[in-house]
Amino acid sequence: MKISIITPTLNQASFIKDTIESVINQNHSDVEHIIVDGGSTDGTLEILNQYSHLNWISEKDSGAANAINKGMKIASGEIIAWINSDDFYEKNIFGEIEEHFRTSKVGFLYGNLTFVNKKKEIIRKEKTTRYNQDFLIHISADLIRQPCTFFRKELFEKTGGLNEELKYVFDYDLILKMLKISEPVYIDKNLAYYRDYEETLTRRYLKYQGAEIIKIARENGARIFDRIILSNFIKKVLFSKVFY
């Protein structure tokens with residue numbers, strides 16, 4: 001089965017090589033890597049031109065969700081995922097991921113995530129908590145580990161794609177939609193690395209993320225648990241420095 005990886009990017013020349021190389025260094029040959037650039041001016045395009053296998057476009061977009069949706073429309077793989085241009089995959093994990101999808105009817109899967117700094121030095125390794133729809137709606141929205149989540153393209157299409165009105169937690173919204181259709185499989189091994197540093201959107205726009213989380217949770221039936229959801233999110237970001 002073919003795997004399509006989408007990477008949205010804007011002025012990430014310092015990190016994007018790590019992302020690209022991590023997709024190259026896999027044990028599954030049928031992979032396409034689609035880069036959707038928002039108009040970088042920092043040398044990102046020059047880096048992309050060094051890799052002839054990439055399928056990339058560079059044009060203005062309305063945000064990350066819009067960029068990822070563009071990539072999904074181009075993607076020809078049956079298995080898809082997106083990874084940001086400052087994150088990167090564990091080596092040789094695509095083969096096992098492909099096998100899970102090929103030998104079962106699973107709609108999506110996720111694994112563990114390792115947090116690193118700008119220099120790729122490990123901050124900590126995290127074993128992802130297993131989740132279901134009720135837990136994400138009523139207790140904690142911060143269990144989504146997007147860099148280590150893979151799904152069938154047909155499942156993504158059934159959800160209608162990413163909500164482009166959301167700027168920060170569109171992954172949370174997408175997972176809730178997927179959970180209404182399919183139960184995920186959890187793989188107990190590290191699948192990806194997340195760069196945790198001050199300039200990330202997670203750190204800079206915490207209050208806006210919280211507002212989006214409450215909005216999505218309420219749309220999915222949350223009522224009296226609003227404060228719990230937001231409180232858990234804030235504690236996780238401020239004290240553990242974690243979010244997807």
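What follows is calculated from the coordinates using simple rules that are stated; it is not laboratory data. Treat the numbers as computed from the prediction; the structure is a model and nothing was measured. For neighbour counting, all protein chains shown are included, and Cβ atoms are generated from backbone atoms with ideal geometry for every residue, glycine included.
What order do you get for Val116, Val31 when you list them from fewest to most C-beta neighbours inside 10 Å? Write out the running numbers ahead of the final one.
Numbers: Val116 20, Val31 17.
The fewest-first ordering by Cβ neighbours comes to Val31, Val116.
Label separation (Glu165 vs Ile123): 3.2 nm, computed from points 7 Å beyond Cα along the C-beta direction. Beyond 21 Å in Cα-Cα separation lie the following of the pairs Lys2/Lys91; Lys70/Lys105; Lys17/Lys118; Lys60/Lys180; Lys91/Lys127; Lys73/Lys153: Lys70/Lys105; Lys60/Lys180.
What's the extension gain from Ala211 to Glu96 if we count 0.36 nm per residue and subtract their Cα-Cα distance?
Details: separation 115, 0.36 × 115 = 41.40 nm, distance 3.69 nm.
Taking Ala211 through Glu96 to full extension adds about 37.7 nm, to one decimal.
So for the stretch 3-240, averaging the separation of alpha carbon pairs under 8 Å that are six or more residues apart and normalising by length, what relative contact order in percent results? Can you show the working numbers first?
Values: 440 pairs, mean separation 52.3, N = 238.
With pairs under 8 Å counted, the relative contact order is 22 percent.
Most simply put, the stretch 3-240 has about 35% antiparallel DSSP beta bridges, counting only bridges with both residues inside it.
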